[in-house]
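Q: Handing you a structure now.
The values are calculated or read from the model by the stated rules, or taken from the named source; none is laboratory data. Here the structure is a predicted model, which is why all the values come from computation and not from measurement. Methodologically, a virtual Cβ is constructed for each residue, glycine included, from the backbone with ideal geometry; neighbour enumeration extends over all protein chains shown.
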Amino acid sequence: MPHLPPNKPDQPPAGDGIDLDFRQAMNGVRPQAAPDRLEPQRRNPSTRPRSAEADERAVLEEMMSDTLHPEDIESGDTLIYRGEGIQDSVWRRLRRGNYHIRAELDLHGLNRDAARQAVAEFLADCQSKDMRCLRIIHGKGRGSPNSGPVIKALLDGWLRRRKDVLAFCSARPHDGGTGAIYVLLRASQLPGGL
């Protein structure tokens, strides 16, 4: 049995209670010598490819980001035409309404023939003045019972056939939304034109 220290008068005997039980349980136990060098435990490689996890994280981050602009979302009511050779940055700026509108034409109240004539004259005038970004207000067709937006549909066809029109798209809500379009014209061939 181990040697117990002498008792002090104000303390209970050293062998009483839990201390005695612990000492008895530890009787004969000796500290183990630490090895000089520990070997690291080797982990088995994951069976899941890291690139797949990175791809999944990137998709989740993109889905949660606020980088999607409302003008990048198309609805069935929007008009869109992007001519060949239009750069992505130019197209984005047009769709976001970032170009200064140089002229505007409102087609409200015009019939088909009058609207077609007005559009042709307006585009010719803008081209002669080297105005590149325009807005045409065609309306949403609420005045056309049962037939929908007639002028809007006709305007889409008219502009697609013109060589001076590079691109057009429905305007942002504060500029008329699906009742108006931004039009980007080709630079005029006038001397000193942009």
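Q: Restricting attention to the stretch 68-80, does a residue exist that is modelled with pLDDT under 65, surrounded by 11 or more Cβ atoms within 10 Å (Cβ to Cβ) and assigned to a helix (DSSP H, G or I)? Please lay out each step first, then the result.
A: Kept after step one, since they are modelled with pLDDT under 65, are these residues of the stretch 68-80: 68-76.
Subsequent filtering for residues that are surrounded by 11 or more Cβ atoms within 10 Å (Cβ to Cβ) retains 69, 71, 74.
Okay, now just the ones that are also assigned to a helix (DSSP H, G or I), so 71.
Checking the stretch 68-80: at least one residue is modelled with pLDDT under 65, surrounded by 11 or more Cβ atoms within 10 Å (Cβ to Cβ) and assigned to a helix (DSSP H, G or I).
Q: OK, next. Quick check on my filter: what residues within the stretch 115-130 are out of contact with any helix residue (DSSP H, G or I) (no Cβ under 8 Å at 6 or more places or on another chain) and either over 18 Å from residue 187 (Cα atoms) or modelled with pLDDT under 90 (or both)?
A: If the condition is that a residue be out of contact with any helix residue (DSSP H, G or I) (no Cβ under 8 Å at 6 or more places or on another chain) and either over 18 Å from residue 187 (Cα atoms) or modelled with pLDDT under 90 (or both), then 117, 118 are the ones that fit.
Q: Identify all residues within the stretch 117-136 that are part of a helix (DSSP H, G or I) and not hydroxyl-bearing (Ser, Thr, Tyr); write none if there are none. Spell out the reasoning first.
A: Let us first name the residues in the stretch 117-136 that are part of a helix (DSSP H, G or I), namely 117-128.
Within the stretch 117-136, 117, 118, 119, 120, 121, 122, 123, 124, 125, 126, 127 meet the criteria.
Q: Could you check the stretch 149-187 and list, in sequence order, the residues that are in contact (Cβ under 8 Å) with a residue 60 or more places away in the chain and of a type in the set (Lys, Arg)?
A: Correct list: 152, 160, 172.
Quick grid of which residues meet (1) crowded, with 19+ Cβ neighbours inside 10 Å; (2) modelled with pLDDT of 90 or more:
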site: 93; (1), (2): no, yes
site: 108; (1), (2): no, yes
site: 113; (1), (2): no, yes
site: 137; (1), (2): no, yes
site: 156; (1), (2): no, yes
site: 163; (1), (2): no, yes
site: 179; (1), (2): yes, yes
site: 191; (1), (2): no, no
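Q: All but one of (1) of a type outside the set (Phe, Trp, Tyr); (2) at pLDDT 90 or above; (3) under 32 Å from the mean Cα position of the chain (by Cα) hold for residue 187; which doesn't?
A: (2)
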